[in-house]
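What follows is a single structure, written as structure tokens, with notes after it.
The values are calculated or read from the model by the stated rules, or taken from the named source; none is laboratory data. Computed from a predicted structure; not experimentally measured. Because the Cβ atoms are built from the backbone with ideal geometry, glycine has one as well, and the counts that use them run over all protein chains shown. Remember, those area values only see protein heavy atoms, side chains included, never the ligands or the DNA or RNA. Shrake-Rupley method; radii C 1.70, N 1.55, O 1.52, S 1.80 Å.
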Amino acid sequence: MPVDLSDEVISGSLHVVRSARVAPGLRFLPGFLRRKLEARWLARLERQIGARIDVVWLFENSRFYDMRFAGDRLKIYHQVDLNQNFHPQVAAQTADAVFCTSREIERRLEVAGKPVTIITHGVWTHPYNPEDEAGLFSEPGIHCVYCGNMSMAYLDRETILECVESHGDVRFHFFGGFRDGDPFRDQLARHSNAILHGKVDPDRLLAILANADLQMLCYQKAHFEDQSNPHKMMEYLLSGSPIVASYTSAYADISDLFAMSGPDGDFREAFDYALKNLAKYDSRPLREARIAFAMNNTYQRQVDRIADALGAHGRAIRDGGVT
């Protein structure tokens, strides 16, 4: 089970460690043996880095889901997507603290008998200049932007196409990649008012979104629960630009800040309403309110909230002492 300690630095003292599988067929082994092998892997990692790991913070439940392997270290289980559905209850039950991003996930985890704290998605802030990307939107007319994985299974492709087809005077900008052979790409490309930009550097995203007349988030009704709190919504809010969204339960309490269809509503009606009321949604008070909401949910603010929830254990996180 080799561990790659190559010098890949994300930011400051944050490093990426890569490792092969702990052992082949690990999930088929008895629990005590699986945990023993995982604990040995962790001890080897500590020897290689020359320090003890104080906190094990788990964000997925398909590999190290039984957190007892981490012994007396602080064990945090943090589920951010509903479809992480391998061993969520085991992960929650064996953790010291449990966090998630939505009420829908909380309902699945609370059966483990541990308190669950909801911490919504954070957002990364950095200086940007909208003028850097203004050239993408120089054509006259209304510019609507969607950003994200264009081959995501939850996207409501049919409704997106209908919006493109029925609003020839709106220029639809799609930022994100398609999987090879995805017919959705060709379906969109047939329309002259659909512009496919492909993947872009994340550093450009806020400047791009700030230039949008309207930002779009459109998922299938069958997946409203899975997409109750999509990460991109926080980036949309941070840009300040108007938003139209399919039903997104985590933001129902602030739906006055943007146009959102109801649980049984029609996204196309919400889209038409947003277009007719762009002046309202583009007003300075609403732009500032959207930005303020996002700024209250920066990654630093969320880390502080997590530290508060951990009580005395939170000092290591708040003080930057997590290894």
I need a count of the residues in the stretch 61-79 that are farther than 13 Å from Trp41 by Cβ and assigned to a helix (DSSP H, G or I).
2
Taking the condition of being part of a helix (DSSP H, G or I) and free of Cβ contacts under 8 Å to residues at least 24 places away in the same chain, how many residues in the stretch 285-299 meet it?
2
I'd like the full set of residues that are under 16 Å from Leu58 (Cβ atoms), modelled with pLDDT under 95 and open to solvent by 30 Å² or more (accessible area, probe 1.4 Å), limited to the stretch 85-113.
Asn85, Phe86, His87, Arg108
From the list Ala212, Ala207, exactly one residue is open to solvent by less than 10 Å² (accessible area, probe 1.4 Å), in contact with a His (Cβ under 9 Å, 6 or more places away or on another chain) and either outside any loop (DSSP other than H, G, I, E, B) or at pLDDT 95 or above (or both). Which is it?
Ala212
In the list Asp308, Asp253, Asp264, Asp282, which residue meets the criterion of being open to solvent by 50 Å² or more (accessible area, probe 1.4 Å) and under 20 Å from the mean Cα position of the chain (by Cα)?
Asp253
Of all the residues that make up the stretch 43-53, how many are assigned to a loop (DSSP other than H, G, I, E, B) and open to solvent by less than 70 Å² (accessible area, probe 1.4 Å)?
3
Six or more apart or on different chains, Cβ under 7 Å: which pairs go from a residue in the stretch 148-171 that's over 21 Å from Leu205 (Cβ atoms) and part of a helix (DSSP H, G or I) to one that's at pLDDT 95 or above and of a type in the set (Gly, Ala, Ser)? Could you list them?
Val164/Ala194
Please tell me if Phe69 is surrounded by 14 or more Cβ atoms within 10 Å (Cβ to Cβ), under 24 Å from the mean Cα position of the chain (by Cα) and among the aromatic types (Phe, Trp, Tyr).
no
From Tyr299, Tyr273, Tyr219, which residue is open to solvent by less than 30 Å² (accessible area, probe 1.4 Å) and of a type in the set (Phe, Trp, Tyr)?
Tyr219
One residue is enough: does the stretch 124-136 have a residue meeting the conditions aromatic (Phe, Trp, Tyr) and surrounded by 20 or more Cβ atoms within 10 Å (Cβ to Cβ)?
no
So which residues in the stretch 230-255 are part of a helix (DSSP H, G or I) and closer than 17 Å to Ile142 by Cβ?
Tyr236, Ser239
